[in-house]
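Below you'll find the structure, written out as structure tokens, and then a few comments.
Values quoted throughout were computed directly from the atomic coordinates according to the rules given, and no laboratory measurement underlies them. Since we're looking at a predicted model, the values are computed, not measured. Heads up, the Cβs are rebuilt from the backbone with ideal geometry, glycines too, and the neighbour counts pull from every protein chain shown.
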Amino acid sequence: MRLFTPLLVITLLALAAAPCAHAQESSADSSAIKAKLKEMEDAWVKALINKDQPTVANFIADDFAGFSSEGKQATKSQLLDEIKNEPNTLTSSANENMDVHVYGPNLVTVRGTTTEKGKDKDGKQFTRSYVWVDTWMERNGKWECIAEGVMQLPKKK
């Protein structure tokens, strides 16, 4: 019985610590995922400045489903065409207030705001801001945006 008691205590402590170790591992994984997706979101808006379709295409899943700021449904090809045919010229585009929620090891949402500055086709300067939410899924070791919703914020007076 003397040998059994310490063995029982050690076993119970190990079982109690196991969820904590898993939580720490999950927390570390979650932090890495959050950092990675914030980096990808920032690269996406930077690519818009140069109308860099290949970079944006690399982030978007082939079965992407989204809504534009005008409320129009958008597929991957429609979104890429929109970038190509954008009549405005962006001088800056930056994300702010990004919040990443990890639902599992391969499913994440990122929401935030983006402020763009530039000139319209007539040369008039503009500043516009959007709120958005992107849904990302990791497939075959690659993170892809599978869905997006965007809404333009009203201009500040």
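Quickly run through the stretch 63-102 and pick out the residues that are over 17 Å from Trp132 (Cα atoms), assigned to a strand (DSSP E or B) and under 18 Å from the mean Cα position of the chain (by Cα).
Asp63, the sole residue that qualifies.
Name the residues in the stretch 104-144 that are in a loop (DSSP other than H, G, I, E, B), within 23 Å of Lys36 (Cα to Cα) and free of Cβ contacts under 8 Å to residues at least 24 places away in the same chain, would you?
Scanning the stretch 104-144 gives Asn140, Gly141.
Inside the stretch 55-112, can you point out the residues that are farther than 24 Å from Leu153 by Cα and aromatic (Phe, Trp, Tyr)?
Phe59, Tyr103
May I ask you to list pairs of residues, at least six apart or on different chains, whose Cβ atoms are under 9 Å apart, with the first in the stretch 89-103 being without any contact (Cβ under 8 Å) to a residue 24 or more places away in the chain and the second being in a strand (DSSP E or B) and buried (at least 18 other Cβ atoms within 10 Å of the Cβ)?
As it stands, the answer is Glu96/Gly112; Glu96/Thr114; Asn97/Gly112; Asp99/Val110; Asp99/Gly112; His101/Val108; His101/Val110, since those pairs meet every condition given.
Could you please let me know if Asn85 is on the phi > 0 side of the Ramachandran plot and not basic (Lys, Arg)? It would help to see each step written out before you state the result.
Values: on the phi > 0 side of the Ramachandran plot: no; not basic (Lys, Arg): yes.
In short, no.
Before we move on, is Thr115 buried (at least 18 other Cβ atoms within 10 Å of the Cβ) and in contact with a Ser or Thr (Cβ under 9 Å, 6 or more places away or on another chain)? Can you show your working first?
Details: buried (at least 18 other Cβ atoms within 10 Å of the Cβ): no; in contact with a Ser or Thr (Cβ under 9 Å, 6 or more places away or on another chain): yes.
In short, no.
Can you find, within the stretch 115-157, the residue that is farthest from Ala74 (Cα to Cα) among those that are under 12 Å from the mean Cα position of the chain (by Cα) and of a type in the set (Asp, Glu)?
Start the filter on the stretch 115-157 by keeping residues that are under 12 Å from the mean Cα position of the chain (by Cα), which leaves 132-138, 143-149.
Going one step further and asking which of them are of a type in the set (Asp, Glu), we end up with 134, 138, 144, 148.
Details: Asp134: 13, Glu138: 21, Glu144: 16, Glu148: 9 Å.
If we take residues in the stretch 115-157 being under 12 Å from the mean Cα position of the chain (by Cα) and of a type in the set (Asp, Glu), then Glu138 is farthest from Ala74 (Cα to Cα).
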